[in-house]
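Just below is one structure, and these are the notes that go with it.
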Amino acid sequence: MNNDLNQDFVVGLDAGGTRTRAVLASVRDGLPRGEGAAGPGNALTVPVPQLTDHLAEAVAQAVPEGLRGRVAAVAGGFAGASRTAADEPGRLNAHSALATALRRLGIAAVSVEVYSDIEAAFASAPGTPENGLALVAGTGAVAARITDRRCTATAGGDGWLLGDDGSGFWIGREAVRSALRMADGRGGSTVLAALVGREFGLPADVLPGGGEAEGPAFTSRAQREAYRMRLLPAVMAEPPIRLAGLAPLVSEAARGTDAVATAILREAADQLADTVRALGCRLGERLVATGGLLGAGGPLTEAVHRRLEELGLDVDRVTDGCGGAVALARLEREFDPATKRPTAC
């Protein structure tokens, strides 16, 4: 601790659709000294007061009180934020919430910068690259072209209502739709009907096969109607983002060779590859992939990486945007915020 009091620190934030993570790191070597986590950090969908609370909670966990006066720079990668314009709503929300959260904690950093989550994710790759492509596939899904560490073009990322094709939300929604189609007789038999029903607390007597994974079948039209009448209000009572939590059920069903679940994952992988392709990728170009769907053991990791390699891309996989946010904060720390000239370390 005594040694820590004699050096400066930076804070990197990865604020996504499901949670907000904060990492305290040394300016000198970039190594983590503390971590914290809190609720969702999407700058467009989370109300600013709630976003402020989540940021403050994550940063408070990461930065001990005794070191808060030593934080020189803060950089956050926010879902829903963009640096395309100074008055972009998500950027303004993120700046406002972050400034208030830091003030609440007594952190007076010289540099406080907001990036998009995809810019932070791209910077997390080895060497903190400046140019290439990035793909984020978690709760939402977006691809971007990065030039000089700035997002200059995007594809996808239009949110759960209008886009995010291939995302965790998209997969979860397809799971519920497949369950409902099976119930009303328009779709094929799938264990997803029982898995989704159990997830939303439906009683066993309305589940196909009594809720057993093997041999899912509805026994009567009355049971089909009872299933639908219970599932719909249960789903509608939850926030839309809740559907993203169903993605692991689809992965589970696909491992059991469920044809409907397998088709959903195949289509999701195709959607993500198409999103990248829309940016006009070049042979041998670097692409950084991140997000819960593309991590180690993720439901789409192998399929998406195979499609990206077929496009001739050199793929790097990163865990999240925290490392990139730390790297960007350290870069910001190297320059005077007024002149953008190097400062003495």
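For the chain, the equivalent ellipsoid derived from the alpha-carbon gyration tensor has semi-axes of 41, 23, 16 Å in decreasing order. Ligands, DNA and RNA aside, C151 has an accessible area near 30 Å² when probed at 1.4 Å. Computed from the alpha carbon atoms alone, the convex hull of the stretch 31-111 holds 93 Å³ per residue.
Axis of helix 48-62 versus longest Cα principal axis of the chain: the two differ by about 70°, to the nearest ten degrees.
Put simply, the convex hull of the Cα atoms in the stretch 189-274 casts, on average, a shadow of 5.9 nm². In loop segments of the stretch 172-252 as defined by DSSP, the trypsin sites (Lys or Arg not before Pro) with at most 16 further C-beta atoms inside 10 Å of their C-beta are R186.
Which of A60, A72, A153 moves most in a GNM of the chain, Cα contacts under 10 Å? Fluctuation is largest for A153. Give the long-range amide H neighbours of Q7: residues separated by 5 or more places, or on another chain, with amide H under 5 Å away, using H modelled in the peptide plane at 1.01 Å from N. It is none; the list stays empty. Sorting the segments 10-18, 154-162 by their mean number of nearby beta carbons within 10 angstrom, highest to lowest, gives 10-18, 154-162.
Looking at the stretch 22-105, the trypsin sites (Lys or Arg not before Pro) that sit in a DSSP loop and have at most 13 other Cβ atoms within 10 Å of their own Cβ are R28.
Relative contact order of the stretch 152-305: 28 percent, from C-alpha pairs under 8 Å at least 6 residues apart in sequence.
Taking only the C-alpha atoms of the stretch 222-334, Rg followed by Dmax gives 18.6, 68 Å. Probing with 1.4 Å while keeping every protein chain in the model, the per residue accessible area of the chain equals 44 Å². Here the accessible area is traced with a 1.4 Å probe on the protein chains. For the stretch 154-297, carbon and sulfur cover 53 percent of it.
The values are calculated or read from the model by the stated rules, or taken from the named source; none is laboratory data. Keep in mind the model is a prediction, meaning the values are calculated, not measured. Counting neighbours? That spans all protein chains shown, and the Cβs are built from the backbone with ideal geometry, glycine included. With ligands, DNA and RNA removed, areas are computed over all heavy atoms of the protein, side chains included. Shrake-Rupley method; radii C 1.70, N 1.55, O 1.52, S 1.80 Å.
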